[in-house]
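Here the structure is laid out as structure tokens; the discussion comes afterwards.
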Amino acid sequence: MLLNNLDEYQYWRDEKLAHAPTQLNDCIVEIDDAFNLRLAEKDKILSLCQQGNFALFQIQPIEQYDKAIISINTQLGLKDFDQHLFVKTGGLAHITQSDKKDQGEFIPYTDKNLGWHTDGYYNAIEQRIRAFSLFCVKPAVQGGVNEWVDPQMIYLLLHEDNPDVVKALIHPKAMSIPEHKVDGKVRRATSTGPIFFIDELSKQLSMRYTQRKKHIEFFDSLEIQQAVTYLDALLNTTTDYHFKHLMKTGQGIVCNNILHKRNAFTDDEDNPRLLLRGRYFNRIE
Ligand SMILES: [Fe+2]
């Protein structure tokens, strides 16, 4: 298979490089009616996701965005959603800065910088996040820019540079996140696994990763420590495949759990930044 067969890898690499998007403008799909996607709109989103694992979209201003986003995601085949702790309606979480103690533990609800990560990197395999959507209802007054890169492209670039690096990152115990306890009770079990792997369900090259170093343990070997340093260095550079965009009201992204980060932002206190996020156990195919 892809991870240990050079012929297969080279074929996959050539296909990937031939089709991978590099221009943000080519990746934005204008949606006329969120509740009734045209065939051309849907095809464009699906083909962008096949080639680069993400698509941006833009919808007309409406009163209530929740239902529109759930409808778009459902039409794209995203139905199997994660019952996240703070999901309000139909599988969408409202991401807004919160001072509530309980939510503050979860970084997305702060206004601080978020480093490169895939969503749900701490989840058990049964809860693996294969896709997510993020939609902007209200941007911040300042900041809050999103950046992202296709993890498959990161694998490819690392492999081209030094195959030993990806070999270290597919180690079955490469990255562990210790259990999460609240008042002595285990809320989430220890999560140990590879950084790059072939997802059993979709047979696709996938990734679980976070650049947070707090509460993260990498396997105790020089190869893996060095590979992680290599990976971080690549993420922190800019390649043709790194994207950066400040979402405006009405814009969103759907993706196969790509690597992403977010810059710090400043809110208008009376009208804070609000994003809607869906997380799904199935991919956009
Ligand atoms: Fe995230």
Does residue 212 count as in contact with a Phe, Trp or Tyr (Cβ under 8 Å, 6 or more places away or on another chain) and not β-branched (Val, Ile, Thr)?
no
Per the filter on region 90-113, residues touching a strand residue (DSSP E or B) at 6+ places or on another chain (Cβ under 8 Å), within 15 Å of the ligand (Cβ to nearest atom) and modelled with pLDDT under 90 are 92, 93, 94, 95, 96, 107, 108, 109, 111
Picked from region 148-178 (must be assigned to a loop (DSSP other than H, G, I, E, B) and either of a type outside the set (S, T, N, Q) or within 16 Å of the ligand (Cβ to nearest atom) (or both)), the residue modelled with the lowest pLDDT is 178
Take residue 196 and tell me if it is buried (at least 20 other Cβ atoms within 10 Å of the Cβ), farther than 13 Å from residue 171 by Cβ and touching a residue at least 60 places away in the same chain (Cβ under 8 Å).
no
Taking the stated definitions as given, is residue 212 touching a residue at least 40 places away in the same chain (Cβ under 8 Å) and of a type in the set (Lys, Arg)?
-> yes
Residue 128 fails exactly one of (1) within 16 Å of the ligand (Cβ to nearest atom); (2) in contact with a strand residue (DSSP E or B) (Cβ under 6 Å, 6 or more places away or on another chain); (3) at pLDDT 90 or above, namely (2)
Okay, strands (runs of 3 or more DSSP E) sitting entirely in region 179-285 with 3 or more residues that are out of contact with any Leu (no Cβ under 7 Å at 6 or more places or on another chain), I get 180-182, 185-188, 191-193
Scanning region 237-277 residue by residue, the ones that are under 30 Å from residue 17 (Cβ atoms) and touching a residue at least 40 places away in the same chain (Cβ under 8 Å) total 22
If we keep only residues of region 13-60 that are of a type in the set (Gly, Ala, Ser) and in a loop (DSSP other than H, G, I, E, B), then the residue surrounded by the fewest Cβ atoms within 10 Å (Cβ to Cβ) is 20
For residue 145, the lone unmet condition from (1) out of contact with any His (no Cβ under 8 Å at 6 or more places or on another chain); (2) within 16 Å of the ligand (Cβ to nearest atom) is (1)
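The values are calculated or read from the model by the stated rules, or taken from the named source; none is laboratory data. Just so we're clear, the structure is a prediction, and the values are computed from it rather than from any experiment. Cβ sites come from the backbone with ideal geometry, for glycine too, and all protein chains shown count toward neighbours.
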